[in-house]
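Chemist: I am attaching a structure below and will ask some questions about it afterwards.
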Amino acid sequence: MSEAVKDPRFAPFYEKMKAEGLSDAAIFSFAHSYQELVSGASGMIEETSIVGVTELPDLEKDIRGKYTVNPALLGQTVVLKLNGGLGTSMGLDKAKSLLEVKNGDTFLDLTAKQVITMRNEFNTQVNFMLMNSFNTSKDTLSFLSKYPALVEDPKIELMQNKVPKIDKKTMLPAEWSANPHLEWCPPGHGDLYTALYGSGKLDALLADGIKYMFVSNSDNLGATLDTDLLAYFASANMPFMMECCTRTEADKKGGHLALRVADQQLILRESAQCAKADEPMFQDISRHKFFNTNNLWVRLDLLKQLMDSKGGFVPLPTILNGKTVDPQQDTSTPVLQLETAMGAAIECFAGAGAVNVPRSRFAPVKKCSDLLLLRSDAYEVNAASVLVLSAKCGGVAPIVDLDDKKYKMVQHLEAATKGGYPSLVGCKKVSIKGEVWLSSGVVFRGEVKVVNGSSEPKILPAAVYENTTVDLTDAVGLGPLRPFTLTTTPYNDQKPGTSGLRKKTKVFEKQPLYLHNFVQATFNALVATGTDLSDGALLLGGDGRYYNDVAIQSIIKMAAANGVRRIVVGQNGLLSTPAVSAIIREKGPNWQKCFGAFILTASHNPGGPEEDFGIKYNCENGGPAPEKLTDAIYEVTRTITAVKQCTDFPEIDLTQLGSSLVYC
C-alpha cells in the first residue's frame, strides 16, 4: 500500500471507494492526487524551468511514405476512443459521440465504419475499444448493436473509474442524500491508464499480442488510425508519442509542449500550471510552437512496466476543479473535483516523443460553431468514412464564429438550421451575432458578418452573401411563429403508464404549466431518440371531455415552437384512439405522414371540472409509446426547467374542416 493511501486523512475516501468496488489501481491513483492537494503543491511549471520545443518531425514532410507499412502491425494495434463525456456544455444528456454529424451518421457511426473499412482493406483484425463512463455505457452499447462485429467483442468496453467529490470545507468525501450519484465524478481522461491496469484489460491485451495503442477523443473525427504514423512509431521504438499541431493566435491560451531543462524531458504545460507573471511567454506562439491534439500513441508493454514500478498507477499532475456537488444547484455544497489528463503522461516516459501533424487530424467539436462547420458542405465523408475538408476549400477550413450566448446548445443550432445548412465552401470566415435562422439556400463567400441586435430570431433570406455585413436588426421577425421560452419547475408525479398520464382535471388546470411540462418533455425525448419533428405531421385529438379544447390549443402552440411544421387535428378536437392508430398507419408521403400523436383521453374515467383528464403519446406505428420512450419522458419531467411555445400563434377554429396556414 502506498504512503498516500496510509495517510489518515485519506481513510474515509479509501473506505468509500472500497465499498463501491473500485480497483486498488483506482484508489492508489486517487490517493496520489489527494496527496498533491493536501500537501499544498502548487502544480505550477515556471517558465525558467522549461524551454520551448522549436522543431518536431513532420508527418507530411518527414514521415509520409518513408516507412514500410506492415499490415501485421495492425493486428498488434488497438484503437481506443475516449467516450466518457456527455457533452453537457452543449446541452446534451447522452454520450457526445451519439450526436449526428453528417448525413445521418453520428461520431460513433463514422468511427465504427472506419474500423470496419480498415479491417476489410487490410484483411486483418483492427482491434477497437471505447472507454465509456457510468454516464455513457448503456446508451453507447445499445447504439452499437447495429455493428455486431464490434459490439460482440468482449474487449469493446473499458469502463472509466469514478472518484469521490471532496467537500471543500471539511476536505472529506462530499455527501448529497438527495442524489448520492452526484457524490461521484469522472477522474478525467488520465484515468485511461488506471482503468486499463485495474480492470485487467492491459494484461489481456498484452496476452493477445497487442503492443501498440492509438488513443483519441470520440468527437475528433480527424483522428484516424494513420498507418504511416503507426509504422513510424513502431520503427522509432518510442514508449509514448504525442501528435501536436502548430499553435496559432487562436490557440495561444491553451496548453503547449515544452522541454524540461533539468532532464531534457518533454512535458505538457496547461494554462492552470502557468503563473500569472509567465502568461506573456506562455502565450508566445513563436516561443512555444506546439499544442497537444490528444491523439496519443502508447507502447502497452512499456506502460505496464512503468505502472508496475509505480505501484499500479501513472503519477500524473493533478488538475483541480471547483464546483458544486449538484451542478444544477449553485447553492449546493461547494466541492473539489480532482482530475488528470492523459497527455501529461508524456513526462513519465523516458524517451517519449512528439510529431507535428496537420490540422486535419485535429477537428474536435467543442462548440456549435464546430458542429455547423462539419455539417456544412465544407466537409465531406470519403469512401473510408473519414470526414475530410472539401477540395473546393483549397486546403483551408472556413472559420465559423457563432454567438456563444445564442448558440451555446445544440438545440439552439438545430432550431436555427431547420431549413438546412448554408454553403461554406467559398467562405473564409462567417460571423453571426444574435439569433439568426439559416437555410440551405444561403451561400457565404469570402468574409461575411451577420448581425441581429433584436430580441427575436430573424431569418436570413436565401441568397449569395460575399464580403459583406448584413444587419437584420430591423428586418421583419417571425411574427406568430416566434418561439418563446417559459421558465418552469419540474413535477415528480408525471410518470406515464401504458394509458399515458392521468390526473384530476384541476391538476392540469391549476398547476402552473403542468400540461406544458409533459408535452415539452415528450418533444425533448422524441428528439433525443432520433425523431425529426420537422419531418411529417403531428396528429392531435381526444375524446371531447372537458379541457380538451384548451389543451389542444396549447399543444398546437408548443408544437410550432418545437419545429413541427404540420399538425393534423380532428374536427372539434375529436379523435378516438383507434382512429388515431388508423390515420398514423395510413402514412402517405413524408410531408403528410404522422410521426406520432397526442391523444387527450382518460379512457372510461369520467370527465369534467371535478373529474379526470389524461394525455398519452402514440408512436409512428400507431401504438402506445414503448416503455423506453415513456421512461425517457419521465426522466425529462423530473429535471425540466423550460418549455417552448409560440405565444402569439392564433387560436385555430377546430369546428371547421379545412387547412389553416400560419406564416411569419
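The values are calculated or read from the model by the stated rules, or taken from the named source; none is laboratory data. In this text the structure is predicted, and so the values were computed from the model without any measurement. Cβ: placed from backbone, ideal geometry, glycine included. Neighbour counts: every protein chain shown. These area figures cover heavy atoms from the full protein model, side chains too; ligands, DNA and RNA do not enter into them. Shrake-Rupley method; radii C 1.70, N 1.55, O 1.52, S 1.80 Å.
Chemist: Filtering the stretch 57-79 down to residues that are of a type in the set (A, V, I, L, M) and surrounded by fewer than 21 Cβ atoms within 10 Å (Cβ to Cβ), which residue is nearest to the chain's Cα centre (by Cα)?
Modeler: Once the filter is applied, the top-ranked residue is LEU59.
Chemist: I'd like the full set of residues that are under 16 Å from SER23 (Cα atoms) and open to solvent by less than 40 Å² (accessible area, probe 1.4 Å), limited to the stretch 149-169.
Modeler: LEU158, GLN160, ASN161, VAL163, PRO164
Chemist: Show me the helices (runs of 4 or more DSSP H) entirely contained within the stretch 1-72 in which 2 or more residues are within 25 Å of LEU303 (Cβ to Cβ) and either touching a residue at least 24 places away in the same chain (Cβ under 8 Å) or in contact with a His (Cβ under 9 Å, 6 or more places away or on another chain) (or both).
Modeler: 3-6, 24-38
Chemist: Tally time: how many residues in the stretch 605-630 are surrounded by 20 or more Cβ atoms within 10 Å (Cβ to Cβ), within 32 Å of the chain's Cα centre (by Cα) and farther than 27 Å from PRO483 by Cα?
Modeler: 2
Chemist: Does the stretch 378-389 contain at least one residue that is within 22 Å of ARG269 (Cβ to Cβ), among the aliphatic types (A, V, I, L, M), out of contact with any Lys or Arg (no Cβ under 9 Å at 6 or more places or on another chain) and open to solvent by 30 Å² or more (accessible area, probe 1.4 Å)?
Modeler: Among the residues of the stretch 378-389, not one is within 22 Å of ARG269 (Cβ to Cβ), among the aliphatic types (A, V, I, L, M), out of contact with any Lys or Arg (no Cβ under 9 Å at 6 or more places or on another chain) and open to solvent by 30 Å² or more (accessible area, probe 1.4 Å), which makes the answer no.
Chemist: A further question follows. Could you tell me which of the residues GLY426, GLY395, GLY453, GLY434 is within 30 Å of ILE116 (Cβ to Cβ) and without any contact (Cβ under 8 Å) to a residue 60 or more places away in the chain?
Modeler: Step by step, each of GLY426, GLY395, GLY453, GLY434 is checked, and only GLY395 is within 30 Å of ILE116 (Cβ to Cβ) and without any contact (Cβ under 8 Å) to a residue 60 or more places away in the chain.
Chemist: Looking at the stretch 86-196, what helices (runs of 4 or more DSSP H) fall wholly within it and have at least 2 residues that are within 25 Å of MET409 (Cα to Cα)?
Modeler: 107-122, 137-143
Chemist: A further question on this structure: Quick check on the stretch 369-426: of everything there that is in a helix (DSSP H, G or I) and more than 20 Å from the chain's Cα centre (by Cα), which residue is nearest to LEU92 (Cα to Cα)?
Modeler: Step by step, filter the stretch 369-426, then rank; the result is CYS393.
Chemist: Follow-up. Within the stretch 246-267, track down each residue that is without any contact (Cβ under 8 Å) to a residue 12 or more places away in the chain and among the aliphatic types (A, V, I, L, M).
Modeler: ALA250
Chemist: Could you tell me which of the residues ASN321, ASN294 is at positive phi, of a type outside the set (D, E, K, R) and not in a loop (DSSP other than H, G, I, E, B)?
Modeler: ASN294
Chemist: Looking at (1) within 25 Å of the chain's Cα centre (by Cα); (2) outside any strand (DSSP E or B), find the lone condition where MET242 falls short.
Modeler: Of (1) within 25 Å of the chain's Cα centre (by Cα); (2) outside any strand (DSSP E or B), only one is false for MET242: (2).
Chemist: Which one of these does ILE399 not meet: (1) open to solvent by 60 Å² or more (accessible area, probe 1.4 Å); (2) in contact with a Ser or Thr (Cβ under 8 Å, 6 or more places away or on another chain); (3) within 17 Å of ALA250 (Cβ to Cβ)?
Modeler: (2)
Chemist: Determine whether the stretch 325-338 contains at least one residue that is at pLDDT 95 or above and in a loop (DSSP other than H, G, I, E, B).
Modeler: Checking the stretch 325-338: not a single residue is at pLDDT 95 or above and in a loop (DSSP other than H, G, I, E, B).
Chemist: Of all the residues that make up the stretch 631-655, how many are outside any loop (DSSP other than H, G, I, E, B), closer than 15 Å to ALA528 by Cβ and open to solvent by less than 20 Å² (accessible area, probe 1.4 Å)?
Modeler: Number of matching residues: 2.
Chemist: Let me ask you something else. Which of the following residues is part of a loop (DSSP other than H, G, I, E, B) and open to solvent by 20 Å² or more (accessible area, probe 1.4 Å): ASP284, ASP278?
Modeler: Answer to the selection: ASP284.
Chemist: Of everything in the stretch 472-525, what is of a type in the set (D, E, K, R), outside any helix (DSSP H, G or I) and under 21 Å from GLN645 (Cβ atoms)? Give them in sequence order.
Modeler: ARG482, LYS503
Chemist: Can you confirm whether THR469 is among the hydroxyl-bearing types (Ser, Thr, Tyr) and either in a loop (DSSP other than H, G, I, E, B) or within 28 Å of LYS96 (Cα to Cα) (or both)?
Modeler: No; evaluated as a whole, the condition is false for this residue.
Chemist: Still on this structure, I have one more. Being surrounded by fewer than 18 Cβ atoms within 10 Å (Cβ to Cβ), within 17 Å of GLY563 (Cβ to Cβ) and of a type in the set (Val, Ile, Thr), is that true of even one residue in the stretch 459-467?
Modeler: Checking the stretch 459-467: not a single residue is surrounded by fewer than 18 Cβ atoms within 10 Å (Cβ to Cβ), within 17 Å of GLY563 (Cβ to Cβ) and of a type in the set (Val, Ile, Thr).
Chemist: Which one of LYS433, LYS495 is open to solvent by 50 Å² or more (accessible area, probe 1.4 Å) and either at pLDDT 95 or above or among the hydrophobic types (A, V, I, L, M, F, W, C) (or both)?
Modeler: LYS433
Condition check ((1) open to solvent by less than 70 Å² (accessible area, probe 1.4 Å); (2) touching a Ser or Thr at 6+ places or on another chain (Cβ under 8 Å)) across all residues:
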position	(1), (2)
THR522	yes, no
ALA537	yes, no
GLY542	yes, yes
VAL564	yes, yes
ARG585	no, no
LYS593	no, no
PHE598	yes, yes
